[in-house]
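Everything below concerns the one structure shown next.
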Amino acid sequence: MAINLSDNLKINVGNPIDSRYLSSGNTAYSGTTLTAAKNAVTTAISISQRYIGLTVLLSYTGATNVEYWFKDDVNTLIEKKYDTNIPQSDYLTGATNLGYFCGCTGVQRLEILGTAACDGCYYSEFNNYYIDCTDIVRLGEYPHRGYERRAYVNTPRSNSWIFSACHGTWVLTPNDVVTSVGSNVGCSFISVFPNSSWSGYVFSGASVCATGSLTTGGTCIYGAPIYNRTECQDLHLRTLLSATPNTMSVCYDDDFVYVSGVTSVINGANVGTGQAVFKQKTGTTLQFRTLVGSGSTVVTTSGNNLVISSTGGTGGGTYNLATPATVTVGGVTAGTPLTGLTSFELFQKMLVVYQAPTFSSFSIGGITSPVEVGCSISGSKSFSWAFTNPSNVSGNTMCILDITSGGTLATNISTTSPQSATIVSKTFNSCGETQIWRGCAKNTCGGLLGLSQTITALLPYYWGVCTCPGPAGVGRPAGTCAMVIGGNKVLASSATDITISFNSTSDDYLWFAVPSSVCFKTCWCCNSSLYGAIGGAVSAGGNLFPAPDYTDISVTSACSTSTYDIYISNKQSGVATLKMGYA
């Protein structure tokens, strides 16, 4: 007989369909930690009873009733995650034309008074700017599609007012924000003013006077916007199209859009001698001088030709009498052919004499003559020069030569000084050794001009005083290397007379040292009535300086080691300046 299931079977509707979903107590598998809760599952359900997809309920410290499942195998439990939120970030909602600006040409001026940090006048710029939350200057408005705010920059372009997204107010930054787009900038003043309009704003006792309007004038447009609109998830962009395809073309491949055009005329030039027809380039227009006739000379147009002709005068307007010149008159020298020259050309040759340029200076930076024996030079150096009549020097004809090594350091470079060139490495090993560089250029007539710089190596001479009070000649010092290098060093030639300001007292011995290669000094002179010989034996009663009793003393300086002869006075002497040399 038929029966009703609900009358004979009791359905345990309070339990899950799979009893393994819960523990034996009909509760979540629990533990003090996630690992302990997982261990409770694997202990209660043997591996033979598990299957991929089996889901269980876990509770542990920090989480209650969280579903975990055997997703990939029967040994590893992972959390079964659910996301009921629609990921809005995955949908395209619009786009922005960065840098595009469409506004009015009106300029607003902010005059800020009453605060030393901000005082001055600031002028609106033709774009919208803000500083983002990482202190980087951005174009556009903040937040997206929010208030449009211009930036204001002072006349020296050293400070700018700009809205800061981080502070939510206008700030003063010690930068020109127009040239700082994409750069991190700091702020020197933070206002409490968040509005988009400055009218009537007062802060900390200071005032802002805003004159002019951002909504007056004509239309100002910067750039062409690529973005057009968004429909559903479709982003519509404008197509690049050339309005002048004969001069500018657009094409593309799988990776790039290519914009190309014909080579433009950058400038014009006058070739040859005579008067220049080309004047200048203004914008995209080449401007030429107009030919105008004078006197009996007329200029007419015939199709593609300009015709220059004479309407009167003798001999067609040119000189056809006796030639050549028999005397020199101004720039016309005797023997100059005159036939065929116009009167203007004759006047020019006589009165406007070509002024040939010359070098007025030529030098190498960082190296002056003399240099000390043993020093070395190398690397890139700056060469400087100057010309007389510089307008008559041909451009890009400058050459720098190393006369000593026979090499060329620079060829046909700009005649604008200074210019850099790498020199040949050089070590000066002997006294009198030289290094010569020469600068050369061409004048506008093709002639050469040049000037050299010579660097000479010398051994220095030394001098000093040694204080030793007492009877004359007592405690006379000995000549040593330490005495020499501890004295006063003079990098100059000692092969002739040398003058030294000892400025000594009556307790001081005088001394000087010259390279051993220099002939012995023979006399000294203080003035026309005070002088004497150098030489003789060491004796308090002898000459002021005896013959050098310390010769060929090895002296090591920072650059080299050389031998020196040391002259030490026979006795203490108070003198001002002495000249030592030869009779």
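The values are calculated or read from the model by the stated rules, or taken from the named source; none is laboratory data. Only a predicted model underlies this, so the values are computations on that prediction, with no experimental measurement involved. In this analysis, Cβ positions are derived from the backbone assuming ideal geometry, glycine residues included, and neighbour counts consider all displayed protein chains.
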Checklist outcome for this item: Selection over region 11-42 where residues are assigned to a loop (DSSP other than H, G, I, E, B) and either in contact (Cβ under 8 Å) with a residue 40 or more places away in the chain or surrounded by 11 or more Cβ atoms within 10 Å (Cβ to Cβ) (or both) yields a count of 9
Checklist entry - Does ILE112 satisfy being crowded, with 17+ Cβ neighbours inside 10 Å, more than 30 Å from ILE226 (Cβ to Cβ) and of a type in the set (Val, Ile, Thr)? => result yes
Checklist entry - Taking SER158 and the conditions (1) in contact with a Ser or Thr (Cβ under 8 Å, 6 or more places away or on another chain); (2) loosely packed, with under 14 Cβ neighbours inside 10 Å; (3) closer than 12 Å to TYR122 by Cβ, which numbered condition does it fall short on, given that it satisfies the others? => result (1)
Checklist entry - Within the bounds of region 425-433, is there any residue that is farther than 30 Å from THR556 by Cα and either of a type in the set (A, V, I, L, M) or in contact (Cβ under 8 Å) with a residue 24 or more places away in the chain (or both)? => result no
Item to check | Of all residues in region 425-452 being surrounded by 16 or more Cβ atoms within 10 Å (Cβ to Cβ) and among the hydrophobic types (A, V, I, L, M, F, W, C), the one that is nearest to ILE364 (Cα to Cα) | outcome: TRP437
Item to check | Set ASN195, ASN175: member being part of a loop (DSSP other than H, G, I, E, B), modelled with pLDDT of 85 or more, of a type outside the set (Gly, Ala, Ser) and assigned by TED's automatic domain parsing to the domain that holds LEU139 | outcome: ASN175
Checklist entry - Listed residues TRP437, TRP463; which is within 30 Å of PHE502 (Cα to Cα) and assigned to a strand (DSSP E or B)? => result TRP463
Item to check | Residue count for region 453-486, restricted to those that are surrounded by 15 or more Cβ atoms within 10 Å (Cβ to Cβ) and not aliphatic (A, V, I, L, M) | outcome: 14
Next on the checklist: Please verify whether TRP385 is over 30 Å from ASN488 (Cβ atoms) and in contact (Cβ under 8 Å) with a residue 24 or more places away in the chain, treating the condition exactly as stated.
Outcome noted: yes
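For (1) farther than 30 Å from ARG238 by Cα; (2) modelled with pLDDT under 90; (3) of a type in the set (Gly, Ala, Ser), each residue gets a yes or a no:
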| position | (1), (2), (3) |
| --- | --- |
| THR93 | no, yes, no |
| ASN97 | no, yes, no |
| GLY103 | no, yes, yes |
| ILE112 | yes, yes, no |
| LEU139 | no, yes, no |
| TYR142 | no, yes, no |
| GLY146 | no, yes, yes |
| ASN154 | yes, no, no |
| ILE162 | yes, yes, no |
Checklist entry - Is it true that some residue in region 473-485 is in the same structural domain as VAL393 (by TED's automatic domain parsing), in a loop (DSSP other than H, G, I, E, B) and touching a residue at least 60 places away in the same chain (Cβ under 8 Å)? => result no
Item to check | Qualifying position, being at pLDDT below 80, surrounded by 12 or more Cβ atoms within 10 Å (Cβ to Cβ) and closer than 24 Å to LEU346 by Cα, among SER242, SER249, SER294, SER309 | outcome: SER309
Checklist entry - Are any residues in region 120-159 hydrophobic (A, V, I, L, M, F, W, C) and more than 19 Å from LEU110 (Cβ to Cβ), and if so, which ones? => result CYS133, ILE136, LEU139
Checklist entry - With ASP497, ASP507, ASP565 as the choices, which residue is charged (D, E, K, R) and either touching a helix residue (DSSP H, G or I) at 6+ places or on another chain (Cβ under 7 Å) or loosely packed, with under 15 Cβ neighbours inside 10 Å (or both)? => result ASP497
Next on the checklist: For region 339-356, which positions are closer than 17 Å to ASN320 by Cα, outside any helix (DSSP H, G or I) and of a type in the set (Gly, Ala, Ser)?
Outcome noted: GLY340
Next on the checklist: Based on this model, can you work out whether LEU530 counts as aliphatic (A, V, I, L, M) and either without any contact (Cβ under 8 Å) to a residue 24 or more places away in the chain or not assigned by TED's automatic domain parsing to the domain that holds VAL575 (or both)?
Outcome noted: yes
